[in-house]
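Working notes, beginning with the structure itself.
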Amino acid sequence: MIRYDLKCTGGHRFEAVLPSMFSDNPECECGAATARIPARVAIGGAASPGPSRDDMPTTWRGTRNGDKELIRSWHTKMVEREKLEEKYPELAGDRRPVLAHEGAFASEPVRAGDAIAAQLAQETFGTTSPTDNP
Ligand SMILES: [Zn+2]
């Protein structure tokens, strides 16, 4: 079953589900003949997921000193993005909170849930084994 957008010679637009691409187009309710309208995705190319959380302003200046219109616009975009990420979790990325991002963790920030005991022991004591006395 394939869903098609159709338009009749009288200008009415409607959707129809047809058994195959070779099926005849159904008549419009007004009785006129119909033609298939190419899908918008086919014309526009790949769909954009829109801006992500990382694109969102994170400073007061970034919000143009709290510009209400800008904040409202970002809120709308992020609500849309959240819906998209619920549907496609792979778009969400790593959303665990960052616990440390300085010093030894500058190149690779530590996030909640990371197993860091061994790395921390190596950095601090030069060994990962508690019984290994040099
Ligand atoms: Zn019609």
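The values are calculated or read from the model by the stated rules, or taken from the named source; none is laboratory data. Computed from a predicted structure; not experimentally measured. Here Cβ is always computed from backbone atoms with ideal geometry, including for glycine, and neighbour counts include all displayed protein chains.
I'm trying to understand the selection: among the residues of the range 7-24, which are away from the ligand (no atom under 12 Å from the Cβ) and assigned to a loop (DSSP other than H, G, I, E, B)?
PRO19, SER20, MET21, PHE22, SER23, ASP24 - these are the residues of the range 7-24 that are away from the ligand (no atom under 12 Å from the Cβ) and assigned to a loop (DSSP other than H, G, I, E, B).
Please work out if ALA100 is surrounded by fewer than 11 Cβ atoms within 10 Å (Cβ to Cβ) and over 21 Å from the mean Cα position of the chain (by Cα).
no
Just wondering, is there one or more residues in the range 100-113 that are of a type in the set (Phe, Trp, Tyr), away from the ligand (no atom under 16 Å from the Cβ) and either under 30 Å from SER129 (Cα atoms) or not in a loop (DSSP other than H, G, I, E, B) (or both)?
For the range 100-113, residues of a type in the set (Phe, Trp, Tyr), away from the ligand (no atom under 16 Å from the Cβ) and either under 30 Å from SER129 (Cα atoms) or not in a loop (DSSP other than H, G, I, E, B) (or both): present.
Quick one: what pairs do we get from the range 12-41, first residue without any contact (Cβ under 8 Å) to a residue 60 or more places away in the chain and aliphatic (A, V, I, L, M), second within 13 Å of the ligand (Cβ to nearest atom) and assigned to a loop (DSSP other than H, G, I, E, B), C-beta under 7 Å, 6+ apart or different chains?
That search, which allows pairs on different chains as well, returns ALA16/PRO26; ALA32/THR9; ALA32/GLY10; ALA33/THR9; ALA33/GLU27; ALA35/ASN25.
Taking only the range 76-97 into account, find how many residues are part of a helix (DSSP H, G or I) and surrounded by 11 or more Cβ atoms within 10 Å (Cβ to Cβ).
Qualifying residue count, the range 76-97: 8.
What about THR131, is it at pLDDT 80 or above and β-branched (Val, Ile, Thr)?
no
If LEU84 satisfies all but one of (1) out of contact with any Leu (no Cβ under 7 Å at 6 or more places or on another chain); (2) within 18 Å of ASP54 (Cβ to Cβ); (3) not hydroxyl-bearing (Ser, Thr, Tyr), what's the number of the condition it fails?
(1)
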